[in-house]
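Some notes on the structure that comes next.
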Amino acid sequence: MNKATVATATALPLVLAGGLLLITGCQSEKDRLSVSSGKPELTVSGAYLPQPAMADMAAAYFTVENDGGKADQLVGVTSPLSSDITMHTTEGSQMKHAAKLEVPAKGKLSLSRGGTHLMLGKLDHKPQVGEKIEFTLRFATSAPIKVKVPVESASFRPKG
């Protein structure tokens, strides 16, 4: 081998290793931990409960965001307001009961009017605008998350 070939053979692995370090160094601490931990990292936002027209039934909506590297599933919801909370999806004009709802890795589960949502039956009382209702969201692998959900007017539409 001549000197140029030896120099190239020696320098190439060093350049590649340096590039890999540079790319890894550009990731945030959170990104590195998410990829290496491979577990869900859940947060809940945008929760609201429109003031129901009836005293015995209501609906609730929110978003569960997963910044982690592994999917999770919402498997149940409890609240002192209702002894009968069920999860539903909507396909066309058909509402269907869902035993669990997927929260994808690096994605989100959105519950919204006309789509996936919670139905609350057997209400303890009729919620009033301004009240905050506590919910506990239960997941297949993540710890439960407690959320205080504001009661909004029946016509409330979230921004965005």
Kindly indicate whether Gly68 is touching a strand residue (DSSP E or B) at 6+ places or on another chain (Cβ under 8 Å), closer than 20 Å to Pro158 by Cβ and either modelled with pLDDT under 95 or assigned to a loop (DSSP other than H, G, I, E, B) (or both).
no
Please note which strands (runs of 3 or more DSSP E) are completely contained in the stretch 89-160 and include at least 1 residues that are loosely packed, with under 14 Cβ neighbours inside 10 Å and in contact with a helix residue (DSSP H, G or I) (Cβ under 8 Å, 6 or more places away or on another chain).
none
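The values are calculated or read from the model by the stated rules, or taken from the named source; none is laboratory data. Because the structure is predicted, anything quoted here is derived from the model rather than measured. Glycine also receives a Cβ, built like all others from the backbone with ideal geometry; neighbour counts cover every protein chain displayed.
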